[in-house]
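Everything below concerns the one structure shown next.
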Amino acid sequence: MLIQNGSVFYDGGFHQKDIRIRNGVMEEIGPCLTAGDEEVVDASGCLVFAGFLDTHIHGCNGSECNEGPEAVRKACALLPNYGVTGFIPTFSLPDAETVRRAVQGVRAAKGCPGAEVLGMHLDSPFRYRTIAYYNIKVPPTREYTLEMTDHDLSDIRIISCAPELPGSMEWFRWITDQGVVGEVGHTECTADQVKEAADNGATLLNHFYNGFAPMDHHVSGALAGGLLEDRMYAQLTCDGIHVAEAFVKLTVRAKGIHRVVPVTDCSQFLGMPEGRYMRRDKEVIFKDGAARDPNGKLVTGAHPFDENMRTLRSMGFSLEEIGTMCGENPAKSIGETHRGKVERGRKGDLVLMTPDLFVQKTIMDGKVVYDRERDKLVLRHHDILIIGGRPCAS
Ligand SMILES: [Zn+2]
């Protein structure tokens, strides 16, 4: 496939370049490449990014990824509609057994068509801060970690842990040695403990601000520690709901544009119509991209990845800054060197967007898996599917 005439996000800026994809890989990048007998995609008027990765997503399309292989398949099918070509199913569950079942479900969905599952993110198994539904504190151990994963860490990408729990520093060293990203989250720890976690290998902050004790200027807390810790990436839910605009800007200013990783943290409601739902036996009202309890407290979000890019744009970030944060940083934060950037030799996954950041086409391995024009037509034709609910072509 040859993608011509696009404004390609390349080396931190936008440049008129063509991209040739062969055997699933970006083989050639340059001006005015000559078409051979391959398929040609005209990207005139479009911004072209490497396929986006969502490293913190619980579900979409009516299901949570911990509910079994079918839920994962639905996510794989839907996410290319938003430019996401790889994602990390994320679980926040009460105990080792429920995590283990969720892990098995994702493994059973391996290889399904659509966005690629890049492993799993165990969000908050070792938490200190009381979170919704689960208020127990589980100290991190190797045994518990292996129990959750059926003694197989090969597809576990990220595990979060509160640094104030006993044994956490030894655990961070061990989990890093296993090739898993050690992440600080769901914590009330001190700034010094964040630094100590980084000294012991932790490189990521779990959906920053959410799950952390709020800032108190009398206390050297985890949020201040996270802002000051240059060795750590900060996941940030940039939907304009989870984290207020001023805190998004503060994070980017403190940590720098290369250390902020936008995530959706979205849930089963992404792609669903607004209304009242039952979630874990509790009533929630889904409206304007957020699910709230009847008292108005935020329960979970449902903004897709590309919408968060538009939200960042409306906050005043430049397209270059958004390209860096949304395009490159997620891959870097999990050590993916084959994705996240338009570069010769990397995976042939691309997203073509309008200048105001609406996805026009998503390409995986040199094949169009989502086409806004085509899929709009299909939606109108069959008239059966909810917004965004059409599985991508495989
Ligand atoms: Zn989450």
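The values are calculated or read from the model by the stated rules, or taken from the named source; none is laboratory data. Note that the structure is a prediction, hence the values are computed from the model and not measured. All Cβ positions, even for glycine, are placed from backbone atoms using ideal geometry, and neighbour counts span all protein chains on display. Ligands, DNA and RNA are excluded from the accessible area calculation, which covers all protein heavy atoms including side chains. Shrake-Rupley method; radii C 1.70, N 1.55, O 1.52, S 1.80 Å.
Residues of the range 48-75 that are surrounded by fewer than 24 Cβ atoms within 10 Å (Cβ to Cβ) and away from the ligand (no atom under 16 Å from the Cβ): ASN61, GLY62, GLY68, PRO69, GLU70, ARG73. Residues that are of a type in the set (S, T, N, Q), more than 16 Å from the ligand (Cβ to nearest atom) and under 15 Å from GLY167 (Cα atoms) within the range 179-219 comprise GLN193, ASN200, listed in sequence order. Residues considered: ALA254, ALA202. Of these, the only one that is in a loop (DSSP other than H, G, I, E, B), in the same structural domain as ASP306 (by TED's automatic domain parsing) and either farther than 20 Å from THR300 by Cβ or touching a Cys at 6+ places or on another chain (Cβ under 8 Å) (or both) is ALA202.
Could you check TYR144 against (1) more than 16 Å from SER267 (Cα to Cα); (2) assigned to a helix (DSSP H, G or I); (3) away from the ligand (no atom under 16 Å from the Cβ); (4) under 22 Å from the mean Cα position of the chain (by Cα) and say which number it fails? The number of the failed condition is (4). Looking only at residues in the range 257-288 that are assigned to a loop (DSSP other than H, G, I, E, B) and away from the ligand (no atom under 16 Å from the Cβ), the one that is farthest from TYR82 (Cα to Cα) is ASP281.
The rows are residues; the columns are (1) open to solvent by less than 20 Å² (accessible area, probe 1.4 Å); (2) away from the ligand (no atom under 16 Å from the Cβ); (3) more than 14 Å from GLY240 (Cβ to Cβ).
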site: LYS297; (1), (2), (3): no, no, yes
site: SER314; (1), (2), (3): no, yes, no
site: LEU319; (1), (2), (3): no, yes, yes
site: PRO330; (1), (2), (3): yes, no, yes
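Is one or more of the residues making up the range 91-99 touching a Lys or Arg at 6+ places or on another chain (Cβ under 8 Å), more than 15 Å from GLY211 (Cα to Cα) and polar (S, T, N, Q)? No, the conditions are met nowhere in the range 91-99.
Among the residues of the range 163-175, is there at least one that is among the acidic types (Asp, Glu) and either open to solvent by less than 10 Å² (accessible area, probe 1.4 Å) or within 25 Å of ASN329 (Cα to Cα) (or both)? For the range 163-175, residues among the acidic types (Asp, Glu) and either open to solvent by less than 10 Å² (accessible area, probe 1.4 Å) or within 25 Å of ASN329 (Cα to Cα) (or both): absent. If only residues of the range 164-199 that are assigned to a strand (DSSP E or B) and over 19 Å from the mean Cα position of the chain (by Cα) are counted, the one that is modelled with the lowest pLDDT is THR187.
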